[in-house]
1. Give, in whole angstrom and from largest to smallest, the semi-axes √(5λ) of the equivalent ellipsoid of chain B, with λ running over the eigenvalues of the Cα gyration tensor.
2. What distance in nm separates the two pseudo spin-label positions at B:Ala2 and A:Ala41, each 7 Å out from Cα along the beta-carbon direction?
3. Taking A:Lys70 as the anchor, which aspartates and glutamates have their alpha carbon closer than 20 Å to its alpha carbon, excluding any fewer than eight residues away along the same chain?
4. Which three numbers, in whole Å and largest first, are the semi-axes of the equivalent ellipsoid of the stretch A:28-73 derived from its Cα gyration tensor as √(5λ)?
5. For the residue pair A:Asp78 and B:Gln41, what label-to-label distance in nm results when each label sits 7 Å from Cα along the Cα-to-beta-carbon direction?
6. Debye sum, Cα scatterers, the protein assembly as shown, no solvent: what log₁₀ I/I(0) at q = 0.13, 0.17, 0.18 1/Å?
7. If R₀ is 25 angstrom, what is the calculated FRET efficiency for the pair B:Ile12 and B:Lys62, using the beta carbon separation as r and rounding to 0.05?
8. Mind grabbing the base-10 log of I(q)/I(0) for the stretch A:7-111 at q = 0.17 Å⁻¹? Debye formula, identical points on the C-alpha positions, no solvent, two decimal places.
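Read-outs throughout are calculated quantities, based only on the coordinates presented, and are distinct from any laboratory measurement. Note that the structure is predicted; figures quoted are calculated from it, not measured. Here the Cβ is made from the backbone with ideal geometry for all residues, glycine too, and neighbour counts use every protein chain on show.
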Amino acid sequence: GEDVEQSLFLSVREGDSSVINCTYTDSSSTYLYWYKQEPGAGLQLLTYIFSNMDMKQDQRLTVLLNKKDKHLSLRIADTQTGDSAIYFCAPQVGGSYIPTFGRGTSLIVHP
Amino acid sequence: EAGVAQSPRYKIIEKRQSVAFWCNPISGHATLYWYQQILGQGPKLLIQFQNNGVVDDSQLPKDRFSAERLKGVDSTLKIQPAKLEDSAVYLCASSMGLAGDNEQFFGPGTRLTVL
């Protein structure tokens, strides 16, 4: 299977919370990144979590890491229309610190 | 601070033609990366430079792709000859050092269409 798996689409109502889930295969991943890509734009690093952490909070973003299950999630509180984008889970795979990207989850926020 | 610059933004060529992409990283960034992003997929690393040396080019199809960073600043990625399956967005990124604690900054990409 793929090294990194994410669901392809998520639709939420403005003001609700969004939760984007990701599973990965490499248990040695040290850095696990979340990137955002808006239409026609490059990728923007949103946040990352170090593998010895269970949770990291940064304003409206909360990252949860279950290292045993190799499961990573990104929660966006009070989702706004401006959050509509593709979100990539990208754990570091192998000995380098290079992120390996999933296929991305398209987040659609409707009024 | 200026971001990562890439040109051209769009390119349309016919199969078997050649094409080159240019990237200017953020000033002072030693590490430069080229990624290929096929429609509907995440970016895939093609090559990583540290200054003007290649760190990782294991995913670069070397029979047709080449990249250089001669003076450790700007970089070019070339495809010769192009195939239909090379249609993708080519993203350049840079970071101060090797990734990990060093954030990668991405350019807007070059969208290549091979007909």
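1. Each semi-axis is the square root of five times an eigenvalue, giving 23, 14, 13 Å.
2. 2.1 nm
3. Within the straight-line cut-off, A:Lys70 pairs with A:Glu2, A:Asp3, A:Glu5, A:Asp26, A:Asp54.
4. For the stretch A:28-73, the semi-axes come out at 22, 12, 8 Å.
5. According to this spin-label approximation, the distance is 3.9 nm.
6. The Cα Debye sum returns log10 ratios of -0.77, -1.23, -1.33.
7. On the way: r = 25 Å, r/R0 = 0.98.
With R0 = 25 Å, the Cβ-Cβ based efficiency is 0.50.
8. Each listed q maps to, in turn, -0.73.
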